[in-house]
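Worksheet for the structure shown next.
The values are calculated or read from the model by the stated rules, or taken from the named source; none is laboratory data. Computed from a predicted structure; not experimentally measured. Cβ placement follows ideal geometry from the backbone for every residue including glycine, while neighbour counts extend to all protein chains displayed. What goes into the accessible areas is simple: the full protein's heavy atoms, side chains included, and nothing from ligands, DNA or RNA. Shrake-Rupley method; radii C 1.70, N 1.55, O 1.52, S 1.80 Å.
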Amino acid sequence: MVQKNTEVISMDCVFCKIVKGDIPCQKLYENDKILAFLDISPIHKGHTLIIPKEHHENILDMPDETLAELAKTTKKISKAVKEATNADGFNVTQNNGAAAGQAVFHFHTHIIPRFDGDGLKTWPHKDIPEEEMKRIQEDIASFLKD
Ligand code: 5GP
Ligand code: ZN
């Protein structure tokens, strides 16, 4: 990792290389903090990635201010993606950690256009017994107490 004034980059990160212009991308939008471009291996045409220009690995590492700006930009770009692709809907997803399917360890949000009957399956659901649900509810809530 190299930190130079406000610049934070990771030398071997593919998305940092895209930000620097060392690897080309099909750019859709940028401002001083954020870059959006087409995913190289799309689930559907128009599959978009939105990244902070600074290298942060996942959502827990993101500065609140950058995350808030990225959320606003995601809304703006989602509208453009939906209109341009004539999508019936879209997924906004974001993977954190290899176990969650993260392959590029530079924070990114996916916008995936979706079409009625496109056959893409969502995740399977589980039946969790009520007492286990209560326990996990209490456990998570306990980490949220100020
Ligand atoms: P993840 O699984 O980490 O959430 O998603 C990483 C995404 O980055 C994948 O959908 C993959 O296709 C995309 N990707 C990986 N390398 C490149 C690249 O060099 N250029 C672009 N445009 N997308 C990439
Ligand atoms: Zn990076």
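Set Lys and Arg Cβ to +1 and Asp and Glu Cβ to -1, take the dipole of the chain about its Cα centre, and tell me which of ALA36, THR66, SER142 lies farthest positive.
ALA36
Given a Förster distance of 25 Å, report the FRET efficiency between TYR29 and PHE115 from their Cβ-Cβ distance, rounded to the nearest 0.05.
For TYR29 and PHE115, the calculated efficiency is 0.65.
Considering only the other residues whose Cβ falls under 11 Å of the Cβ of GLN137, what net charge follows from Lys and Arg at +1 and Asp and Glu at -1?
So the environment of GLN137 carries a net charge of -3.
LEU35's amide H: which non-local residues (gap 5+, or another chain) put their own amide H closer than 5 Å, with H modeled 1.01 Å from N in plane and none for Pro or chain starts?
ILE51, LYS53
Roll a 1.4 Å probe over the protein heavy atoms and report the accessible area of LEU144 in Å², nearest 10.
130 Å²
Pairs of alpha-carbon atoms within less than 8 angstrom and 6+ residues apart define the contacts here; what relative contact order does the chain have, in percent?
Relative contact order for the chain comes out at 21 percent.
Once you have a ≥ b ≥ c as the square roots of the Cα gyration tensor eigenvalues for the chain, tell me rounded if a/c is under 1.5, and otherwise prolate or oblate according to whether a/b is larger than b/c.
Oblate, because a/c is 1.5 or more while a/b does not exceed b/c.
Got a sec to turn the phi values of the stretch 26-41 into Karplus ³J(HN,Hα) couplings, 6.51 cos²θ - 1.76 cosθ + 1.60 with θ = phi - 60°, whole Hz, x for Gly and Pro?
Running phi through 6.51 cos²θ - 1.76 cosθ + 1.60 with θ = phi - 60° gives 8, 6, 10, 6, 8, 9, 5, 10, 10, 9, 10, 8, 6, 5, 5, 10 Hz.
Name the long-range amide H neighbours of ARG114: under 5 Å, sequence gap of 5 or more, or other chain; modelled H, no Pro or chain starts.
The list, which skips near neighbours in sequence, is ASP88, GLY89, PHE90, ASN91.
Give the calculated FRET efficiency between ASN58 and ASP146 to the nearest 0.05, with a Förster radius of 35 Å applied to their Cβ-Cβ distance.
Computed FRET efficiency for ASN58 and ASP146 comes out at 0.90.
How do LYS134, LYS75 stack up against each other in accessible area, from largest to smallest, with a 1.4 angstrom probe?
LYS75, LYS134
R0 = 30 Å: FRET efficiency of ALA71 with ARG135, Cβ-based, nearest 0.05?
0.45
Calculated from DSSP H runs of 4 or more alone, at -39500 (n - 2.57) each and per residue, what is the 222 nm mean residue ellipticity of the chain, nearest 500?
Helix contribution divided over all residues of the chain: -9500 deg cm²/dmol.
How much accessible area per residue does the stretch 30-80 have, in Å², with a 1.4 Å probe?
56 Å²
For the chain, which cysteines have no disulfide-compatible partner, meaning no other cysteine Cβ under 4.7 Å?
Among the cysteines of the chain, those whose Cβ sits 4.7 Å or more from every other are CYS25.
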